Amino acid sequence: KVNKLTTPVMEELGRLLDELAVKKEIRALVFRSGKDGNFIVGADIAEIRNITDSATGEQLAQRGQAVLAKLEALPFPTIAAIHGPCMGGGMELALACTYRVISNDQRTALAQPEVKLGIIPGFGGTQRLPRLVGIANALDMILTGKSVYPRKAKKIGLADEVTYRETLLQRALAQARKSGASALPRKVRARRPLAIRLFEGNPLTRQLIFRLAEKSILKETAGNYPAPLAALDAVRYGLQHGAEKGYEHEAKLLGRVIPTEVSKNLISVFYLNELLKKDAGSARSLVAHAGVLGAGVMGGGIAQLLAEKGVSVRMKDVSTKAVAAGLKEAWDIFVKRRKKGILTALQARDGFDRITGTTDYTGFRSADVTIEAVVENMDVKKSVLRDAEAATGPHTIFTSNTSSLSITELAKAASRPERVAGMHFFNPVEKMPLVEIVRGKSTSEETIAAVASLSRRLGKLPIVVNDGPGFLVNRILMPYLSEAVVMLEQGARIEEIDQQLLRFGMPMGAFILLDEIGIDIAHKVSDILHQGLGDRVRPPGLLGLLHQKGYLGKKNGKGFYSYRGKKRGKPDPFIYVIMGKPRDGGDRLEKAEIVERPLLLMIKEAALCLEEKIIERADLLDGALIFGIGFPPFRGGLLRYADRIGPAEIATKLQGFAKKYGDRYLPPASLISMAGSGKRFYE
């Protein structure tokens with residue numbers, strides 16, 4: 001289905017280039033894909049995964065570099081005609097061509113995503129890209145792995161021409177005829193302001209760019225990801241010592257990072273991502289019309305996502321003002337994606353035109369699916385379900401975006417309970433990849449398959465879980481957040497706790513996350529978990545107290561941190577006043593304990609979720625936490641991290657904390673059994 005640069009492919013390409021190099025009659029060469037929807041997705045990840053030593057990794061890079069050097073040295077112009085993803089090694093092949101003509105299709109994206117696998121571009125990407133698009137543009141791509149879409153690709157000189165998919169080959173051939181035996185000199189083609197050109201062109205000021213980039217990497221990764229620093233080193237070295245030395249250094253650096261544990265963990269996450277993208281069912285989503293009930297931030301985001309993927313959306317709320325707010329939310333996302341070059345202006349306008357608003361149920365009869373995103377209240381949701389069923393056809397699936405309320409209980413209000421399921425999107429909808437699909441006791445497998453297929457069509461990663469308090473992600477997340485609050489009550493400081501969790505690799509500190517979620521929402525979910533799971537997940541008193549005093553978090557500017565508008569400041573000193581404790585008083589906790597306590601409670605809850613069959617597999621549980629809350633991918637997932645520690649040590653630590661802090665730490669039966677047998681989660 002996709003083109004990969006496997007070792008046999010690269011060897012064959014090398015032989016073909018040798019033959020082409022001596023043919024006098026060739027005036028130009030065009031590379032295009034014979035497979036619909038993709039150019040080249042990169043090297044073979046399976047080969048990379050199996051490399052366990054630096055020498056083999058370095059040799060892989062050297063062989064790839066040698067083949068692309070032959071391409072670059074051909075005595076006639078070469079043109080890459082790109083439609084669809086052009087990634088990794090495919091991007092490096094395109095960089096070795098003289099010109100790049102790309103389609104303006106939404107699927108066309110160019111990237112050097114190697115750092116997401118814990119490695120660096122190894123076929124010359126760190127050397128050719130900065131010489132083509134400039135240092136700043138190249139670093140933005142190489143150090144983040146971000147994709148560049150057609151409009152930006154043209155702006156930065158990565159694409160020489162952007163055209164329609166239907167005319168791609170025609171325009172590539174025209175470029176070949178136009179260039180003839182001549183070609184543009186290899187120089188930076190980006191349209192850059194004079195100041196940037198001068199800054200990047202001066203060896204002294206260039207060093208400032210690299211120092212700032214290194215500082216930014218360390219701030220973003222806390223030193224947990226070695227690949228971005230290695231990639232930066234490769235770019236810097238090549239510009240200082242010349243391309244030839246740069247290629248040698250790039251190969252050595254790839255050899256250095258390719259066998260690391262971080263790389264192997266990130267590759268495992270990549271394969272998990274690919275697994276979740278694949279539809280196990282036989283049919284694609286056939287949803288043509290959808291209803292969205294509730295036009296808040298989530299409702300507007302869900303409506304936008306559906307509309308962008310070609311679904312006609314009818315969005316309902318109780319007032320025209322609320323509907324207007326939902327439409328604005330959707331339009332703002334379309335505008336944002338247009339500005340990023342992901343969508344053209346026409347695609348954004350066409351997408352938005354697929355959304356209509358209403359304050360009643362007119363237009364819902366044709367809906368194939370309705371997605372409810374109203375207030376988190378069971379009685380309200382049951383009422384909405386009954387009204388929606390009356391207004392829609394017998395084929396319509398009803399899904400709820402609830403983050404914690406029981407789908408089984410909700411379905412009791414339905415006349416067709418087999419067509420009721422949870423479809424829990426994570427906020428912000430347009431960014432977070434996970435959709436938690438919740439199976440109630442009456443939900444049919446046909447309904448689950450249809451909702452999962454729709455999720456994949458929307459570009460999301462669906463994970464199916466069984467109904468239970470908090471489902472999967474929130475059930476594991478809330479004990480972690482609650483324990484952070486308990487440690488604050490015991491004398492640790494807000495910034496101290498957040499800093500240690502950030503150093504561990506969490507995407508944001510626990511208190512920053514509580515403010516983002518909303519203290520009111522966190523308090524409500526904690527109560528639901530407490531009612532369903534008992535005292536071992538009792539909400540901390542401070543959370544309820546802050547809720548009573550009107551602390552909602554970022555949305556009203558009153559949270560664990562102070563806010564000026566949407567900008568977060570320092571921890572709010574009044575939190576300590578409310579607790580009745582001095583900011584620097586109380587018992588201090590060891591740094592290791594600050595990290596261990598919340599993480600051990602996550603592992604405990606994860607083990608219980610497996611015991612209770614909330615989810616069947618350890619890898620899917622890890623995927624839910626990585627793609628849902630950003631558990632650090634470089635650690636491979638919560639349960640891979642647990643396996644590295646070992647069940648025996650986890651059980652011992654939990655028992656120790658139970659003696660010190662209470663029964664909520666007592667290890668579950670499955671962990672005790674694993675500790676005795678030596679079995680691990682990934683066995």
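The values are calculated or read from the model by the stated rules, or taken from the named source; none is laboratory data. Quantities reported herein were computed from a predicted structural model and do not represent experimental measurements. Don't worry about glycine lacking a Cβ; one is built from the backbone with ideal geometry, like all the others, and counts go over all protein chains shown.
Can you name the number of the only condition in (1) assigned to a helix (DSSP H, G or I); (2) of a type outside the set (S, T, N, Q); (3) out of contact with any Lys or Arg (no Cβ under 6 Å at 6 or more places or on another chain) that Tyr576 fails?
So Tyr576 meets the others, but not (3).
Quick check on the range 92-109: of everything there that is free of Cβ contacts under 8 Å to residues at least 40 places away in the same chain and crowded, with 24+ Cβ neighbours inside 10 Å, which residue is farthest from the chain's Cα centre (by Cα)?
Step one: list which residues in the range 92-109 are free of Cβ contacts under 8 Å to residues at least 40 places away in the same chain, which gives 92, 95-96.
From the residues that got through so far, the ones that are crowded, with 24+ Cβ neighbours inside 10 Å too are 92, 95.
Numbers: Glu92: 24, Leu95: 26 Å.
Restricting to residues being free of Cβ contacts under 8 Å to residues at least 40 places away in the same chain and crowded, with 24+ Cβ neighbours inside 10 Å, the top hit is Leu95.
Does Ala592 count as modelled with pLDDT of 90 or more, in contact with a helix residue (DSSP H, G or I) (Cβ under 8 Å, 6 or more places away or on another chain) and of a type outside the set (D, E, K, R)? Before the answer, list the steps.
Working: modelled with pLDDT of 90 or more: yes; in contact with a helix residue (DSSP H, G or I) (Cβ under 8 Å, 6 or more places away or on another chain): no; of a type outside the set (D, E, K, R): yes.
Criteria not met by Ala592.
So which residues in the range 43-95 are more than 23 Å from Leu272 (Cβ to Cβ) and part of a strand (DSSP E or B), if there are any at all?
Thr78, Ile79, Ala80, Ala81, Ile82, Cys86
Would you mind stating whether Leu543 is touching a helix residue (DSSP H, G or I) at 6+ places or on another chain (Cβ under 6 Å), in contact (Cβ under 8 Å) with a residue 60 or more places away in the chain and under 19 Å from Phe471 (Cβ atoms)?
no
Which residue out of Ala43, Ala55 is at pLDDT below 95, small (Gly, Ala, Ser) and either surrounded by 13 or more Cβ atoms within 10 Å (Cβ to Cβ) or touching a helix residue (DSSP H, G or I) at 6+ places or on another chain (Cβ under 8 Å) (or both)? Quick ask: steps written out before the conclusion?
On the way: Ala55 fails: at pLDDT below 95.
Answer to the selection: Ala43.
Is it the case that some residue within the range 554-571 is touching a residue at least 60 places away in the same chain (Cβ under 8 Å) and surrounded by fewer than 19 Cβ atoms within 10 Å (Cβ to Cβ)? Write out each step before concluding.
Going through the range 554-571, the residues touching a residue at least 60 places away in the same chain (Cβ under 8 Å) turn out to be 560-561, 570-571.
So of that shortlist, the ones also surrounded by fewer than 19 Cβ atoms within 10 Å (Cβ to Cβ) come out as 570.
Scanning the range 554-571 turns up at least one residue that is touching a residue at least 60 places away in the same chain (Cβ under 8 Å) and surrounded by fewer than 19 Cβ atoms within 10 Å (Cβ to Cβ).
Being at pLDDT 95 or above, more than 26 Å from the chain's Cα centre (by Cα) and on the phi < 0 side of the Ramachandran plot narrows it down to one residue among Arg597, Arg583, Arg617, Arg564; which is it? Explain how you work it out, then say what you get.
On the way: Arg583 fails: at pLDDT 95 or above; Arg617 fails: more than 26 Å from the chain's Cα centre (by Cα); Arg564 fails: at pLDDT 95 or above.
It is Arg597.
Quick one: is Ser319 over 26 Å from Lys154 (Cβ atoms), of a type in the set (Ser, Thr, Tyr), at pLDDT 95 or above and surrounded by 13 or more Cβ atoms within 10 Å (Cβ to Cβ)? Give the steps one after another, and end with the answer.
Values: over 26 Å from Lys154 (Cβ atoms): yes; of a type in the set (Ser, Thr, Tyr): yes; at pLDDT 95 or above: yes; surrounded by 13 or more Cβ atoms within 10 Å (Cβ to Cβ): no.
Against the criterion (over 26 Å from Lys154 (Cβ atoms), of a type in the set (Ser, Thr, Tyr), at pLDDT 95 or above and surrounded by 13 or more Cβ atoms within 10 Å (Cβ to Cβ)), Ser319 does not qualify.
Go over the candidates Gly505, Gly534, Gly518, Gly509 one by one and state the one that is under 19 Å from Glu605 (Cα atoms) and either out of contact with any Pro (no Cβ under 7 Å at 6 or more places or on another chain) or surrounded by fewer than 22 Cβ atoms within 10 Å (Cβ to Cβ) (or both).
Sole residue among the options that is under 19 Å from Glu605 (Cα atoms) and either out of contact with any Pro (no Cβ under 7 Å at 6 or more places or on another chain) or surrounded by fewer than 22 Cβ atoms within 10 Å (Cβ to Cβ) (or both): Gly534.
Looking at the range 110-145 only, could you name the residues that are among the basic types (Lys, Arg) and under 16 Å from the mean Cα position of the chain (by Cα)? Walk me through it before giving the result.
Pass one, the range 110-145, residues among the basic types (Lys, Arg): 116, 128, 131.
Of everything in the range 110-145, just one residue is among the basic types (Lys, Arg) and under 16 Å from the mean Cα position of the chain (by Cα), namely Lys116.
Select from the range 336-375 the residues that are touching a helix residue (DSSP H, G or I) at 6+ places or on another chain (Cβ under 6 Å) and charged (D, E, K, R) and write down the one among them that is modelled with the lowest pLDDT.
Among those that are touching a helix residue (DSSP H, G or I) at 6+ places or on another chain (Cβ under 6 Å) and charged (D, E, K, R), it is Arg338.
Inspect the range 418-434 for any residue being surrounded by fewer than 21 Cβ atoms within 10 Å (Cβ to Cβ), farther than 23 Å from Glu329 by Cα and not assigned by TED's automatic domain parsing to the domain that holds Val537 and give the result as yes or no.
Looking through the range 418-434, at least one residue is surrounded by fewer than 21 Cβ atoms within 10 Å (Cβ to Cβ), farther than 23 Å from Glu329 by Cα and not assigned by TED's automatic domain parsing to the domain that holds Val537.
Okay, residues lined up against (1) assigned to a helix (DSSP H, G or I); (2) touching a residue at least 24 places away in the same chain (Cβ under 8 Å):
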position	(1), (2)
Leu254	yes, yes
Leu266	yes, yes
Leu276	yes, yes
Val313	no, yes
Ala325	yes, yes
Lys328	yes, yes
Arg337	yes, yes
Arg349	yes, no
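So which residues in the range 373-389 are in a helix (DSSP H, G or I), among the aliphatic types (A, V, I, L, M) and either crowded, with 17+ Cβ neighbours inside 10 Å or without any contact (Cβ under 8 Å) to a residue 12 or more places away in the chain (or both)? Walk me through it before giving the result.
In the first step, residues of the range 373-389 are kept if they are in a helix (DSSP H, G or I); the result is 378-389.
Applying the additional criterion that residues be among the aliphatic types (A, V, I, L, M) yields 378, 380, 384-385, 388.
Within the range 373-389, Val380, Val384, Leu385, Ala388 meet the criteria.
Report the residue count in the range 142-168 for those that are hydrophobic (A, V, I, L, M, F, W, C), part of a helix (DSSP H, G or I) and in contact with a strand residue (DSSP E or B) (Cβ under 6 Å, 6 or more places away or on another chain). Write out each step before concluding.
First, the residues of the range 142-168 that are hydrophobic (A, V, I, L, M, F, W, C): 142-143, 148, 153, 156, 158-159, 162, 168.
Then drop every residue that is not part of a helix (DSSP H, G or I), which leaves 142, 153, 168.
Still in the list and also in contact with a strand residue (DSSP E or B) (Cβ under 6 Å, 6 or more places away or on another chain): 153, 168.
The total comes to 2.
Yes/no matrix, rows are residues, columns are (1) free of Cβ contacts under 8 Å to residues at least 60 places away in the same chain; (2) not aromatic (Phe, Trp, Tyr):
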| residue | (1), (2) |
| --- | --- |
| Val420 | yes, yes |
| Pro433 | no, yes |
| Arg439 | yes, yes |
| Glu446 | yes, yes |
| Pro469 | no, yes |
| Tyr480 | no, no |
| Glu483 | no, yes |
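In the range 595-683, which helices (runs of 4 or more DSSP H) lie fully inside it and hold 2 or more residues that are surrounded by fewer than 17 Cβ atoms within 10 Å (Cβ to Cβ) and among the basic types (Lys, Arg)?
Details: elements: 618-629, 638-645, 647-661, 669-677.
In the range 595-683, 647-661 are the helices (runs of 4 or more DSSP H) which contain 2 or more residues that are surrounded by fewer than 17 Cβ atoms within 10 Å (Cβ to Cβ) and among the basic types (Lys, Arg).
With respect to Ser403, is the statement that it is among the hydroxyl-bearing types (Ser, Thr, Tyr) and in contact (Cβ under 8 Å) with a residue 40 or more places away in the chain true?
Values: among the hydroxyl-bearing types (Ser, Thr, Tyr): yes; in contact (Cβ under 8 Å) with a residue 40 or more places away in the chain: yes.
When the stated conditions are applied, Ser403 passes them.
Take the residues in the range 308-337 that are among the basic types (Lys, Arg) and out of contact with any Lys or Arg (no Cβ under 9 Å at 6 or more places or on another chain), then tell me which one is nearest to His289 (Cα to Cα).
At the first step, the residues of the range 308-337 found to be among the basic types (Lys, Arg) are 309, 314, 316, 321, 328, 336-337.
The next check asks that each one be out of contact with any Lys or Arg (no Cβ under 9 Å at 6 or more places or on another chain); those that pass are 314, 316, 321, 328, 336-337.
Details: Arg314: 8, Lys316: 14, Lys321: 23, Lys328: 20, Lys336: 24, Arg337: 23 Å.
The selected residue is Arg314.
Output the residues belonging to the range 407-443 that are more than 18 Å from Phe471 (Cα to Cα) and either of a type in the set (Ser, Thr, Tyr) or in a helix (DSSP H, G or I) (or both).
Listed by number, the residues that qualify are Ser415, Pro417, Glu418, Arg419.
Determine, yes or no, whether Leu110 is assigned by TED's automatic domain parsing to the domain that holds Leu198 and not in a strand (DSSP E or B). Spell out how you get there, then give the answer.
Working: assigned by TED's automatic domain parsing to the domain that holds Leu198: yes; not in a strand (DSSP E or B): no.
No.
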